[in-house]
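The values are calculated or read from the model by the stated rules, or taken from the named source; none is laboratory data. Keep in mind it's a predicted model, so treat the numbers as computed, not measured. Positions of Cβ are backbone-derived with ideal geometry, glycine not excepted, and every protein chain shown enters the neighbour counts. Calculation scope for accessible area: heavy atoms of the full protein, side chains included, ligands and nucleic acids excluded. Shrake-Rupley method; radii C 1.70, N 1.55, O 1.52, S 1.80 Å.
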Amino acid sequence: MNIIKRVITITIAIALMLSAGCSSKPASSIKELDTVGLWETGKFNEPGTFPICKETTPLTICLPQSKQVEDYNTNLQTKLIEEKGNFKLSFITYPSAEYHTKPNLMVASGGDDLADVIFGTFEDSQVYNYALSGAIIPLTHYYKDAYYLNQAKERVGYDFTPEITSPDGQIYGIARLNQSISQEYPAKMYIFPEWLDTLGLKTPTTPDELYNVLKAFKTKDPNKNGLADEIPLVGHTGNTYWIEFLMNPFVYAGDKNFFTVEDGKVGLAYTTEGWKEGLKFMKKLVSEDLLSPLSFTQDSKAYVSLLSNQPTIVGSFVQAGTSSIPANDIRRTQYVGIAPLIGNNGTQYASYEPSVAEIAMIISKNCKDPAAAFMLGDLMVSEELSIHTRWGQKGVDYLEPRPGDVSMYAELGYKPFLVEISPWGQLQNQHWAQQGPYIRQYAISAGVVAKGDEYDTAPVIARAQMLYFDKHPKEVIPKLIFTPEEIDEVNEPMTSLKTYVKECLANFVTGGMDIDTQWDSYLNEIKKMGAEDMLKIVQKVYDRMYKDKNK
């Protein structure tokens with residue numbers, strides 16, 4: 001079986017509950033798109049030439065406010081897009097915290113107040129509901145004539161359009177896709193090497209070796225302050241990365257819903273004997289105070305406080321990187337990553353969240369020139385604009401590689417691509433801070449040259465990443481695009497099951513439930529909560545999207 005390698009976390013779209021009636025509307029309510037090709041309209045100059053539009057075309061864009069963008073109207077990226085496209089752009093912004101509420105309400109009331117173009121991070125079913133309501137238009141017909149979008153397929157190495165195609169076969173938006181190795185393996189363990197050296201310990205490679213290291217951290221005073229204040233391993237409630245890392249040697253737990261796939265059959269990691277063994281391992285750690293029970297209750301703020309303590313009291317943690325440690329704390333570059341633990345059966349799994357396309361721009365029914373609006377999105381995914389929207393202006397905000405520069409992922413064969421100058425996250429007026437569509441291939445993020453700053457965590461992450469790269473199961477759950485009807489059936493049990501499983505994990509591990517005597521009742525409760533029916537729907541969607549491609 002040739003299993004696809006491009007795998008992504010499952011998307012469950014529930015954001016459009018305000019317009020719940022949309023799912024019952026017939027597909028005929030979707031606004032039809034005329035069949036005239038982009039280049040047959042006579043409105044545009046030859047592909048790849050500027051300006052794109054022969055005549056100045058006004059477009060209004062709705063997007064969330066950004067703390068990083070001073071003024072969209074005067075922003076350098078705005079001026080660049082207007083010049084290259086012959087567009088006249090105007091902007092409607094809403095506070096980011098309530099951003100999707102506004103378009104949802106507009107759609108629910110008929111969509112007559114929607115802007116020409118809407119930027120955002122849209123769930124697949126949310127977009128489909130918008131389409132079923134007639135609020136946005138299908139763009140499928142335009143895709144075959146797209147210029148930069150088709151170039152982008154070559155840059156990223158595959159056709160990403162199935163990842164943004166609705167169940168009716170139509171594409172209702174323009175994609176955002178950032179291929180980034182550093183973001184694909186988020187559950188990485190970082191350990192304080194000074195403690196290993198002080199105690200003469202080797203880097204752990206198996207659960208048993210990790211236990212021995214954590215035991216030494218707890219009992220042998222590695223921070224040498226004469227107090228039993230060491231916390232060998234700690235997590236927080238903000239993510240499940242530490243759970244995934246500890247469970248992966250026993251059963252792959254890297255899917256956000258803890259799904260597994262074997263020979264094309266979808267399963268649940270949390271009903272397996274491997275999960276049970278993983279629980280016993282975690283219970284052993286908690287019972288000996290090697291894994292802090294705070295991991296089940298504390299928020300990220302309390303967690304950061306522990307990492308910031310002087311002297312060092314945290315021996316290890318599991319995160320995507322070390323940036324939770326304050327920016328002025330040199331320890332953020334002193335912790336080092338260790339490889340995924342090897343299980344008794346020889347498996348070595350890292351949680352995998354591969355880069356995937358998602359819809360970042362839609363065009364409303366109110367747009368008087370949808371072809372020009374599509375060309376705006378097409379321009380934005382060009383390599384030049386995709387870089388500009390993140391790094392800004394070449395020669396000002398970033399530089400081309402210099403002689404002798406080496407990329408942080410040189411070990412994987414990536415050549416230096418750019419040298420960062422301007423820091424990310426600060427107020428500026430050079431770029432849109434990644435609002436709207438963009439498409440970047442692996443070579444861009446993997447080709448960034450280290451700044452040489454002793455507080456820069458990127459090289460730390462890159463070194464750790466080398467230990468995780470390509471260490472994931474051959475089969476994992478691909479992106480699943482549900483119909484509104486399937487969402488109605490699957491959302492409640494999926495949400496409830498995940499909550500129940502996490503609660504039981506905490507109880508099993510901390511002693512509130514007995515793993516051996518209450519395991520069967522735990523499985524029975526999972527069955528009563530609708531796990532089997534949920535799996536049938538997930539399997540149906542999986543087969544619909546990927547079965548033929550995996551043969």
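Odds and ends about this structure:
- Listed conditions (1) within 30 Å of Lys498 (Cβ to Cβ); (2) surrounded by fewer than 23 Cβ atoms within 10 Å (Cβ to Cβ); (3) more than 27 Å from the chain's Cα centre (by Cα) are all met by Ile231, apart from (2).
- Checking Ile481 against (1) of a type outside the set (Ser, Thr, Tyr); (2) in contact with a Pro (Cβ under 7 Å, 6 or more places away or on another chain); (3) in a helix (DSSP H, G or I), the condition it does not meet: (3)
- Residues within the stretch 364-417 that are more than 17 Å from Ile81 (Cβ to Cβ), buried (at least 22 other Cβ atoms within 10 Å of the Cβ) and touching a Phe, Trp or Tyr at 6+ places or on another chain (Cβ under 7 Å), tallied: 1
- Candidates Ile515, Ile537, Ile526 - the one that is within 27 Å of Gln126 (Cβ to Cβ) and more than 23 Å from the chain's Cα centre (by Cα): Ile537
- Here is the figure for the stretch 121-156: residues that are part of a loop (DSSP other than H, G, I, E, B), more than 18 Å from Asn366 (Cβ to Cβ) and under 19 Å from the mean Cα position of the chain (by Cα) total 2.
- The residues of the stretch 336-363 that are under 30 Å from Leu196 (Cβ atoms), of a type in the set (Ser, Thr, Tyr) and open to solvent by less than 40 Å² (accessible area, probe 1.4 Å), listed by number, are Thr347, Ser351, Tyr352.
- As a summary of the residue check, Ile118 satisfies the conditions (1) touching a Leu at 6+ places or on another chain (Cβ under 8 Å); (2) not in a strand (DSSP E or B) except for the one numbered (2).
- The set of residues in the stretch 470-513 that are at pLDDT 95 or above and aromatic (Phe, Trp, Tyr) comprises Tyr500, Phe508.
- One residue from Gln434, Gln348, Gln430 being over 26 Å from Phe160 (Cα atoms) and in contact with a helix residue (DSSP H, G or I) (Cβ under 6 Å, 6 or more places away or on another chain): Gln430
- For the stretch 376-387, a residue qualifies if it is touching a Leu at 6+ places or on another chain (Cβ under 7 Å) and not β-branched (Val, Ile, Thr), and the qualifying residues are Leu376, Asp378, Leu379, Leu385.
- Residue list for the stretch 418-453, restricted to those being without any contact (Cβ under 8 Å) to a residue 40 or more places away in the chain, loosely packed, with under 14 Cβ neighbours inside 10 Å and more than 19 Å from Leu385 (Cα to Cα): Gly452, Asp453
- Filter result for Tyr468 (surrounded by 17 or more Cβ atoms within 10 Å (Cβ to Cβ), of a type in the set (Phe, Trp, Tyr), touching a Lys or Arg at 6+ places or on another chain (Cβ under 7 Å) and under 30 Å from Glu163 (Cα atoms)): yes
- The lone exception for Arg176 - which of (1) surrounded by fewer than 21 Cβ atoms within 10 Å (Cβ to Cβ); (2) under 22 Å from Thr389 (Cα atoms); (3) of a type in the set (D, E, K, R) it fails: (1)
- Residue count for the stretch 491-507, restricted to those that are under 20 Å from Val286 (Cβ atoms) and either open to solvent by 20 Å² or more (accessible area, probe 1.4 Å) or among the basic types (Lys, Arg) (or both): 5
- Qualifying residue in the stretch 293-315 (condition: open to solvent by 20 Å² or more (accessible area, probe 1.4 Å), touching a residue at least 12 places away in the same chain (Cβ under 8 Å) and among the basic types (Lys, Arg)): no
- Residue within the stretch 265-288 that is farther than 26 Å from Phe508 by Cα and either open to solvent by 20 Å² or more (accessible area, probe 1.4 Å) or touching a Phe, Trp or Tyr at 6+ places or on another chain (Cβ under 6 Å) (or both) present: yes
- Any hit, the stretch 70-85, residues being within 30 Å of Gln428 (Cα to Cα), modelled with pLDDT of 95 or more, in contact with a His (Cβ under 9 Å, 6 or more places away or on another chain) and not in a helix (DSSP H, G or I): yes
- Sole residue being part of a loop (DSSP other than H, G, I, E, B), in contact (Cβ under 8 Å) with a residue 12 or more places away in the chain, of a type outside the set (A, V, I, L, M, F, W, C) and open to solvent by less than 10 Å² (accessible area, probe 1.4 Å), chosen from Pro167, Pro204: Pro204
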